[in-house]
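The values are calculated or read from the model by the stated rules, or taken from the named source; none is laboratory data. On a predicted model such as this, the values are computed, not experimentally measured, just so you know. We place every Cβ from the backbone using ideal geometry, glycine too, and count neighbours over all the protein chains shown. These area figures cover heavy atoms from the full protein model, side chains too; ligands, DNA and RNA do not enter into them. Shrake-Rupley method; radii C 1.70, N 1.55, O 1.52, S 1.80 Å.
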Amino acid sequence: MHGSSADHPHPAPEYGPPSTGGSRHRRRGRRLRWVAWGAAAVVVAGGTGVAYAWQHLDGNIKGTDVNAALGKDRPQARHDGAMNILLLGSDSRAGTHGHYGNGIAGARADTAMVLHVDKSHKKASVVSIPRDTLVDRPECRTTDGGSAPAAHATMFNSSYQVGGPACTVKTVEHLSGVRMDHYLEVDFKGFQKLIDELGGVDVNTRKAIDDPYSGLTLNAGKHRLKGEQALELVRTRHGVGDGSDLGRIQLQQAFVKALIQRADTLDPLSHPAKSYALMDTATKSLSADSELASAKKLLGLAQELKGISPERTHMLTLPVTYDPQDAGRVLPLRKADERVWNALRHDRPVPESVTRDSVGDRGASPMSSEA
C-alpha cells in the first residue's frame, strides 16, 4: 500500500468499487471474503454488494491524522508491500448507558494488537500487547492540543487516555521500532453491534467459563455468541487462566480466528441489502487514520487481506514477565521482545522460541480453534 507498483510483488489494490457485471466478476465477488479482525475486535468488511452510497459510508468513519500528529520522527516506512496495522479496542463506555461500568471516564487502549501482513499478503503475524505492560511512553500531544511529558514505567493502555490513538501509535512505535502504517479502532458499543449484524460468531470452549465481573457464563462446548455475549467474552479475565489480562488475551486471539471464519461464510452477492447493512454498521463502528478513513480504502484493504486464513495467521502475546513489585503489572522481556520486533521489521516469521520464558502464552487456550 506504499511505494510505487514496481516495489510490490503483486498488482496494486483496487480501491474503487469492483464491477458487478460479467461472470468473471461475479466469480471474483463470490470469492471475496468479508475480512474481520476483532479481539480488539477491529473489523474490516467489504464486498461487491455494497458498491453504492460511498459518500454515506465515508461519513460514518471517524479519522485521525496520525502523520500530522507524529511528524517525521518515526521509524522508517516500508516500500516492499509488507505493512503493519495497529488494531485497537478502546474501553470507551460512550453510548452504553453505564452497562459496562459507571464512574469510568475517558477511554484507554483496552486491547492492542499489531497486525503484520507479509509482502506476499498471504501470511500474517498478530502480536498482542498486554494493556498492563509497564512501558516508557514518549512525549505526546494531548487531545486538547497541549503536550504530555514522557513517562517512565507507565501502563501501556494509559497512552490512549493521554493523547488518543496518535499517542498509542507513537508509544507502540517507540516500544517496537516498527512503523505503524495504519490503525483501526472499535469501542464496546461498536463491537457489539458488529457481531449482532454478522448474526453471531461460533466458538468452542474447552471448559466452562464463569466470570461475574464481565457477566459471562458459558458451559464447555460449542456456542454461537451474539453481540453482548461476544463482548463479555473478549472482556473476560477473572474466569480464565490466572485472572490477569494475559488469559483474556488468549480469549481475544481465539475469538479473532473464530470471527474470521464466521465472516468468511458470508456471500455478499446473495444478500446485497444485508451486505450494505453490515458495511454501514462496520463503518459507523470504526475509527481509523485519515489515510484509511474511507469505505473504498477499507474495501481495498479487505481485498488485499482476503488470502489470509486463520491457519496462515500466527498469534502471540508480546513476551512479558510479572512485575515483582506489583502482581497486577507485567514487564517486557527485552531480549525476547526485540526478536519479535526484529522479525516484523525484516518481514520474517516470528520464531516460536521467543515466548519460551514469557508468562503470556503459558497453558492451553480456554477456547478451541474449531467452532
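If I take every Cα pair under 8 Å that is 6 or more residues apart in region 213-371, average their sequence separation and divide by the length, what percent do I get for the relative contact order?
Computed value for region 213-371: 24 percent relative contact order.
Taking 0.36 nm per residue of separation and subtracting the Cα-Cα distance, full extension of the segment from T321 to T265 would add 16.3 nm.
Taking only protein heavy atoms and a 1.4 Å probe, what accessible area per residue, in Å², does region 189-291 have with all protein chains in place?
Values: 4030 Å² over 103 residues.
I get 39 Å² per residue for this part.
Solvent-accessible area assigned to carbon and sulfur over region 153-266 amounts to 43 percent, based on a 1.4 Å probe.
With the charge dipole of region 163-215 set up from +1 on Lys and Arg Cβ and -1 on Asp and Glu Cβ about the Cα centre, the Cα lying farthest toward the positive end among the listed residues G177, P212, V201 is that of G177.
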